[in-house]
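Working notes, beginning with the structure itself.
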Amino acid sequence: MRDLAPVLKAYDIRGLVPDQFDEDTARAIGWAAAQVLAGGSGSLVVGYDMRPTSPGLAAAFADGATAAGVDVVDAGLTSTDQLYYASGALDLPGAMFTASHNPAAYNGIKLCRAGAAPVGRDTGLLEIKALIDDGVPPAPVAGRGAVERRDTLGGYAAYLHGLVDLSGSRPLTVVVDAGNGMAGHTVPAVLAVDGLTVVPLYFELDGTFPNHEANPIDPANLVDLQAAVRERRADLGLAFDGDADRCFVVDERGELVSPSALTALIAVRELSRDPGAPVVHNLITSKAVPEIIAEHGGLPVRTRVGHSLIKQTMAETGAVFGGEHSGHFYFRDFWRADSGMLAALHTLAALGTDPAGRPLSQLLAPYERYAASGEINSTVRDADAATARVEKTFGTAPDITIDRLDGLTVEHTGTPMWWFNLRPSNTEPLLRLNVEGADHAVMERVRDDVLRVVREPGEGDT
């Protein structure tokens with residue numbers, strides 16, 4: 001049995017197959033998850049992505065869970081948000097076999113409790129590890145659970161259509177880059193809508209990712225989509241990651257739309273249905289996001305980065321929606337789970353029903369108020385020392401406020417407006433920098449000044 005410690009991440013289990021994570025490990029996790037998530041009785045729902053190792057790992061997990069006396073609903077090929085739908089609609093704990101945007105050699109498990117409630121290191125993963133460390137007993141002779149195959153794709157598509165109606169939209173052409181990931185499975189079902197022309201890129205399910213990595217946060221993986229949008233004169237482009245829980249949008253010019261602008265757009269739409277509701281945003285979204293939420297009568301709620309924290313905060317506040325700058329979007333009416341497909345539907349609906357018939361770039365212009373750097377990673381020997389140098393350099397200047405909700409956030413409250421956040425990686429010797437300014441010149445000046453301090457002579461950078 002592999003040691004679980006190297007593959008136990010903050011929000012999931014993920015590692016190289018078979019060196020760090022294999023079927024024996026998946027079987028043991030299935031047995032332990034049956035105790036922790038299902039209490040040793042009832043059922044679990046299991047889905048998996050298109051990676052070559054996913055079906056075998058999912059089957060091994062199901063074997064471990066049924067050995068513990070728990071029934072398994074086998075949902076087969078699913079996107080992660082389709083698995084969340086199954087967990088919510090069936091009110092069952094769930095396991096999704098995927099390594100999301102990671103390269104082909106990786107795989108892992110995203111776990112949730114009934115109703116798609118998140119499971120992270122401190123909310124179940126460490127308990128699962130402790131049970132495995134104590135020793136997995138042999139499979140019982142009697143009392144083994146059963147496996148039932150159930151297709152959830154049709155129900156998933158119908159549920160999404162019930163949340164976002166595209167029937168009143170003007171005709172649109174959308175290029176979709178599935179990256180050979182699970183959007184190639186879900187998009188044909190969800191976007192089969194009258195008046196919507198879908199131009200598919202890389203819809204063939206292939207977990208070896210023969211065309212490019214299914215990681216749209218890397219600009220290199222958007223090049224084909226951008227070119228296709230321009231060539232086809234499409235209204236917009238959509239890019240999904242490998243398990244299709246994240247969505248990135250390209251406008252009609254082929255320019256990447258800021259996920260913060262999408263957060264603001266969707267927040268306004270959700271607030272029109274539920275005036276005055278809280279909306280959650282993490283601390284590296286644009287300053288425009290809380291401004292726009294408040295301007296439309298909502299209550300902006302700022303939180304740390306990470307899906308478990310967003311979902312927990314949404315539950316505590318009753319928030320109608322939550323957005324992260326990483327391309328994750330969370331919906332109260334989708335069990336507070338993240339869904340790239342729901343974000344895509346909201347974007348299509350907003351564009352298709354705009355009374356002025358504006359192109360996407362013009363529709364979103366009011367939400368793009370400031371200049372952002374995007375996330376910049378620096379490799380450092382001592383993240384704490386580098387952060388302390390930055391705080392010492394910037395923290396005593398006039399009109400400066402500092403908070404430590406997640407890493408170090410420094411904000412200039414005077415004119416011109418700027419702020420930056422510097423956060424350590426959970427798993428690597430990296431510092432992650434996000435900067436925003438009143439305009440590009442201000443942002444670039446602050447960005448370069450902070451990086452100069454972080455990357456003192458002798459420090460590497462990436």
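Structure data summary
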{"quantity": "Cut-off 11 Å (backbone N to label point 7 Å along Cα→Cβ of THR123), residues of region 3-26", "calculated": "11"}
{"quantity": "Base-10 log of normalised Debye intensity for the chain (one unit scatterer per alpha-carbon) at q = 0.06, 0.08, 0.09 Å⁻¹", "calculated": "-0.26, -0.47, -0.60"}
{"quantity": "ASP133 accessible area, 1.4 Å probe, all protein chains in place, Å² to nearest 10", "calculated": "100 Å²"}
{"quantity": "Whole-percent carbon and sulfur share, accessible surface of region 358-462, 1.4 Å", "calculated": "49 percent"}
{"quantity": "Magnitude of the charge dipole, the chain, Cβ model with Lys/Arg +1 and Asp/Glu -1, debye to 20", "calculated": "460 debye"}
{"quantity": "Fraction of accessible area attributable to carbon and sulfur, region 199-294 (%, probe 1.4 Å)", "calculated": "49 percent"}
{"quantity": "Percentage relative contact order, region 128-249, counting C-alpha pairs under 8 Å, at least six apart", "calculated": "27 percent"}
{"quantity": "Area of HIS440 that stays accessible when all protein chains are in place (1.4 Å probe, Å², to 10)", "calculated": "120 Å²"}
{"quantity": "Inter-site label distance for ARG404 and ALA189 at 7 Å from Cα along Cβ, in nm", "calculated": "4.7 nm"}
{"quantity": "Dipole-positive endmost among THR152, THR313, GLY340 within the chain (Cβ charges, Cα centre)", "calculated": "THR313"}
{"quantity": "Surface share of carbon and sulfur [accessible, 1.4 angstrom probe, percent] for region 3-79", "calculated": "50 percent"}
{"quantity": "Percent RCO, i.e. relative contact order, over the chain, from Cα pairs under 8 Å lying at least 6 residues apart", "calculated": "12 percent"}
{"quantity": "In degrees, nearest ten, helix 307-317 long axis to first principal axis of the chain (Cα)", "calculated": "80 degrees"}
{"quantity": "Helix-only mean residue ellipticity at 222 nm for the chain, each DSSP H run of n ≥ 4 adding -39500 (n - 2.57), per residue, nearest 500", "calculated": "-10500 deg cm²/dmol"}
{"quantity": "For GLU436, net neighbour charge (Lys/Arg +1, Asp/Glu -1) across residues whose Cβ lies under 10 Å away", "calculated": "+2"}
{"quantity": "Among ILE132, LEU44, ALA104 - extreme Cα towards positive end, dipole of region 26-147, charges at beta-carbon", "calculated": "ALA104"}
{"quantity": "Value of relative contact order over region 184-295, rounded to a whole percent, pairs C-alpha under 8 Å and six or more apart", "calculated": "15 percent"}
{"quantity": "Förster-model FRET efficiency, 45 Å R0, ALA227 and ASP3, C-beta, rounded to 0.05", "calculated": "0.50"}
{"quantity": "Per residue accessible area of the chain, 1.4 Å probe, in Å²", "calculated": "39 Å²"}
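The values are calculated or read from the model by the stated rules, or taken from the named source; none is laboratory data. Keep in mind that what you see is a predicted model, and the values were worked out from it rather than measured. Here the Cβ is made from the backbone with ideal geometry for all residues, glycine too, and neighbour counts use every protein chain on show. Accessible surface areas use protein heavy atoms only, side chains included; no ligands, DNA or RNA. Shrake-Rupley method; radii C 1.70, N 1.55, O 1.52, S 1.80 Å.
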